[in-house]
């Protein structure tokens, strides 16, 4: 499926701020399912824009909001300079994130070519946590989280609020998100009776999906992408029957 060129759009946030977001649309009139794409700590950079466009080619109206718009509009950090991201990640709290999530969600719902009843989310590292938070906040159709940081222990109370099935991807070599953290997340979902799938790539490290990082694992990334596309399709995403 083709797509139109991506572009930055401006969104009004409920706290009075203005947020840029990168949006990419499929070709054709639609209605298309919508997708929230949540960034790593390194901003809505070339990689996140590319992921957003990949989803547009799959048939989604996809939007990636700049979550650092309060402290660093347009920020794009280098993958070997994590220290530069701390001022931005440290300034974000859940109230800020919830306002940003809602602004991007409302943009999708108000888009005439998007099916507002079929909106999903995906996020990477920091964005993996944001995707989980979005699922606890909004009536999404499904959500996915790649190596989501700080879901546990700080946000496990949100598991009871989750609306839709979650797909988690983890790297078995990840020293940042250790097996006990993964167990805490999946255990909380199991205890709450919330549907989830948890996939570990034993030979993959943190950030394995990003082809701009040294930890990129091409095989794990390709397999994760295939699983993700199928998971979304089975839960109201592109190529699914919206009447079912």
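Does any residue of region 147-161 turn out to be touching a residue at least 40 places away in the same chain (Cβ under 8 Å) and outside any helix (DSSP H, G or I)?
Checking region 147-161: at least one residue is touching a residue at least 40 places away in the same chain (Cβ under 8 Å) and outside any helix (DSSP H, G or I).
Give region 162-186 a look and list any residue that's touching a helix residue (DSSP H, G or I) at 6+ places or on another chain (Cβ under 9 Å) and assigned to a helix (DSSP H, G or I), or say none. Scanning region 162-186 gives 184, 185.
Would region 196-207 turn up any residue that is assigned to a helix (DSSP H, G or I) and under 19 Å from the mean Cα position of the chain (by Cα)? No, every residue in region 196-207 fails to be assigned to a helix (DSSP H, G or I) and under 19 Å from the mean Cα position of the chain (by Cα).
Kindly provide the set of residues from region 140-161 that are more than 22 Å from residue 90 (Cα to Cα) and out of contact with any strand residue (DSSP E or B) (no Cβ under 8 Å at 6 or more places or on another chain), ordered by number.
159, 160, 161 - these are the residues of region 140-161 that are more than 22 Å from residue 90 (Cα to Cα) and out of contact with any strand residue (DSSP E or B) (no Cβ under 8 Å at 6 or more places or on another chain).
Identify, from the list 79, 60, 105, the residue that is within 17 Å of residue 125 (Cβ to Cβ) and out of contact with any helix residue (DSSP H, G or I) (no Cβ under 6 Å at 6 or more places or on another chain). Matching residue, one of 79, 60, 105: 79.
For region 190-224, taking the residues that are within 26 Å of residue 114 (Cα to Cα) and without any contact (Cβ under 8 Å) to a residue 60 or more places away in the chain, the one that is surrounded by the most Cβ atoms within 10 Å (Cβ to Cβ) is identified as 196. Of the residues 74, 116, 59, 90, which single one is surrounded by fewer than 24 Cβ atoms within 10 Å (Cβ to Cβ) and at positive phi? Within the list 74, 116, 59, 90, the selection yields 74.
Matching residues to (1) more than 28 Å from residue 232 (Cα to Cα); (2) in contact with a strand residue (DSSP E or B) (Cβ under 7 Å, 6 or more places away or on another chain); (3) in a strand (DSSP E or B); (4) at pLDDT below 95:
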position	(1), (2), (3), (4)
36	no, yes, yes, no
54	no, no, no, no
97	no, no, no, no
103	no, yes, no, no
107	no, yes, no, no
120	no, yes, yes, no
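Considering only residues in region 14-29 that are in contact with a strand residue (DSSP E or B) (Cβ under 7 Å, 6 or more places away or on another chain), surrounded by fewer than 18 Cβ atoms within 10 Å (Cβ to Cβ) and farther than 18 Å from residue 46 by Cα, the one that is modelled with the lowest pLDDT turns out to be 27. Screening region 38-52 for residues that are in contact with a strand residue (DSSP E or B) (Cβ under 7 Å, 6 or more places away or on another chain) and part of a strand (DSSP E or B) and picking the one that is nearest to residue 238 (Cα to Cα) gives 38.
Only one of (1) within 30 Å of residue 109 (Cβ to Cβ); (2) in contact with a helix residue (DSSP H, G or I) (Cβ under 9 Å, 6 or more places away or on another chain); (3) at pLDDT 95 or above fails for residue 237. Which number is that? Failing condition for residue 237: (3).
The values are calculated or read from the model by the stated rules, or taken from the named source; none is laboratory data. A quick note: this is a predicted structure, and the numbers were derived from the prediction, not measured. Cβ: placed from backbone, ideal geometry, glycine included. Neighbour counts: every protein chain shown.
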